[in-house]
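Here is the structure we will look at, set down as structure tokens.
The values are calculated or read from the model by the stated rules, or taken from the named source; none is laboratory data. Since this is a predicted model, take the numbers as computed values, not measurements. Every residue, glycine as well, gets a Cβ built from its backbone with ideal geometry; the counts of neighbours run over all protein chains shown. Accessible surface areas use protein heavy atoms only, side chains included; no ligands, DNA or RNA. Shrake-Rupley method; radii C 1.70, N 1.55, O 1.52, S 1.80 Å.
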Amino acid sequence: MADQAGTEAEIRQRLEALRIEHRDLDTAIAALGAASAPDQLRLARFKKRKLRLRDEIARIENGLIPDIIA
């Protein structure tokens, strides 16, 4: 049981790191978009990375929530 708790703690720590990276990308995207001549390729890459992070965050969150049999 301690292994599972340790694993869950690690998963929650990873989840928090992903959320921080997601927020940081949001800030970077806003700053890059506000530039007079934004780098469209970099902007597209940031947005794509942000979407992948969102999907990974959702997948991890769904794994942490136990299935409820109705």
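A helix-only calculation puts the chain at -30000 deg cm²/dmol for mean residue ellipticity at 222 nm, using -39500 (n - 2.57) for each DSSP H run of at least four residues, averaged over all residues.
Springs between Cα atoms under 10 Å define the GNM used for the chain, and in it the highest mean-square fluctuation of 26, 39, 55 occurs at 39.
Given the choices (1) 38, 26, 17; (2) 54, 28, 14; (3) 28, 24, 16, Cα extents along the principal axes in Å derived from the coordinates of this structure is entry (2).
For the chain, the share of accessible area belonging to carbon and sulfur comes to 55 percent (1.4 Å probe, ligands and nucleic acids excluded).
All other residues whose Cβ lies under 9 angstrom from that of residue 64 are scored, Lys and Arg at +1 and Asp and Glu at -1, for a net of -1.
Could you work out how far helix 40-64 tilts from the main Cα principal axis of the chain, as a 0 to 90 degree angle to the nearest 10? The answer is roughly 10 degrees.
In this structure the chain gives 81 Å² per residue of accessible area when probed at 1.4 Å with all protein chains present.
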